[in-house]
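Inspection log for the structure reproduced underneath, given as structure tokens.
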Amino acid sequence: MRLQKQLPAVAALAATIALAGIVLSGCKNDDKEVPKKMTQKMMTVCVGRFLIDLPEGAEISFAPARVASITVAVQPDYAEAKYMAELSQREQVLSQQKNAYDKPSLEKKVQGSAINFPSTIFYYGREKPLSEIQFGQKVAGTEDSISTEAYGLYNGFLYKFTAEHLLSPRFDDHVLKLVKQFEARSMDTIPSQPGFCTENGLIHDPIPAGITESITMFASLKGHPDLAIRLDTSVNLKQLQESLLERDAKDDVKLENRNSVKTFRRQHRALNGIDGEEVLDKYKEANGTSAHLFMWAGMGKLKDVLAPKVTVELETGIGRPGQPVNSSLSDDAVLELWDRITTSIRLRPTSAAPKNAQADTAPQVPLGELVATGHACPQTGYWQCSELNGIEGARPQFFRQGEQMPHAVLRGAPNLWQKLSGNVPSHQVATVWTLVAYHEQHSSREFGPDDGAV
């Protein structure tokens, strides 16, 4: 009952745990010492921009992160030979496929580098400009799109970065820029530099473009296979979701089954300065078993990476799909465990500057410095293209010291048919870039895919 309608995300969590092959138990443990033993030793996990403490030995897993429109996935147990074989196979597959122009899908392979491991990047799958209907008329887009994949190997972990349908050529190197700011790390290492924690990794600030940041962590505890913990965080891009208490008040499953639900708490509750709400329920299932479903949610703010939406869930009584079991923890035990975990959630403190940023964040050249297309960027910061009239994406763009300065993409003068169809011609030209702001002085980010440019 509780999984079918109230919280689809928790239902997905239950299915994930069942598929993982966890042996489920229907036993119940009323030992009051259980939560004290479970929380006697805790370990800290970095999730996005937050920290959470979990019982030592908890089994942790992550869904792929989504950062600046790029999916970041990690797979363990990769030997060098396996990695190289799969990389070669992927290149061969892409080379044999055709793009929308009936040409080989794979356009180029670039050797790049994350902070502490080399990477290989494939550019493929070029598509023609998309068309849309405006005021009843079909209007063609002005830019192609392209997909990009980057791969790297570090300490037996495969790191994969994927972005699809990037406007081309404007965002061709979107993935490359993010990979350059990625650092592999062990799970038990808590970084001090500003950035976004992914599974076994950290993306150092500033994120290249866009403000999408989302990640989900799952945790299970040894000896309690019916119990699952979930932490989810994502930036609010367009609007704030209804609050947890508002959603709970409209939950018709609970309203229709009042006698089967016992609510321990339903209240506003701040966690270490993070405003939020919690609903803690105990359910009597149709098969006679009892289980818990606890949730805390902070709604956050709009487009603020330091105040995203945060959701924490703890569920007991998870059995095979459609077959709930009795909670392995008593009411008092699960309440104590919940409070111990949730009170630990806090924004990760940072002190040091990002790695690879110490040397290039301090001003090395004055504002107004000029550099031509094809030359190395002399200063990390925001650069304005001199070709302001007709340029695609005329806003200042962020470049890191050492990167090659790109061409400008200019809109041409359309003929009559192009005006009618909306298919404005564009071409690349060499240009001169002007340094207009050091990155710590610039309040806004480059206009990226999640701001509507892709």
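The values are calculated or read from the model by the stated rules, or taken from the named source; none is laboratory data. As the structure is a prediction and not an experimental result, all values here were calculated from the model. In this analysis, Cβ positions are derived from the backbone assuming ideal geometry, glycine residues included, and neighbour counts consider all displayed protein chains.
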Open item on the list: Quick check on the stretch 170-188: of everything there that is assigned to a loop (DSSP other than H, G, I, E, B) and more than 14 Å from Ile115 (Cβ to Cβ), which residue is modelled with the lowest pLDDT?
Closed with: Arg170
TODO: State whether the residues of the stretch 147-167 include one that is more than 30 Å from Ala408 (Cβ to Cβ), in contact (Cβ under 8 Å) with a residue 60 or more places away in the chain and either in the same structural domain as Asp281 (by TED's automatic domain parsing) or part of a loop (DSSP other than H, G, I, E, B) (or both).
DONE: yes
TODO: Pick out the one residue from Thr289, Thr311, Thr316 that is over 17 Å from Gln267 (Cα atoms) and buried (at least 21 other Cβ atoms within 10 Å of the Cβ).
DONE: Thr316
Task: Residues of the stretch 189-207 that turn out to be part of a loop (DSSP other than H, G, I, E, B) and either hydrophobic (A, V, I, L, M, F, W, C) or more than 25 Å from Asn155 (Cβ to Cβ) (or both), as a count - done: 3
- [ ] Take the stretch 88-108 and flag every residue that is among the aliphatic types (A, V, I, L, M) and surrounded by fewer than 16 Cβ atoms within 10 Å (Cβ to Cβ).
- [x] Val93, Ala100
- [ ] Restrict the check to the stretch 90-98 and report whether at least one residue is part of a helix (DSSP H, G or I), at pLDDT 95 or above and either in contact with a Phe, Trp or Tyr (Cβ under 6 Å, 6 or more places away or on another chain) or aromatic (Phe, Trp, Tyr) (or both).
- [x] yes
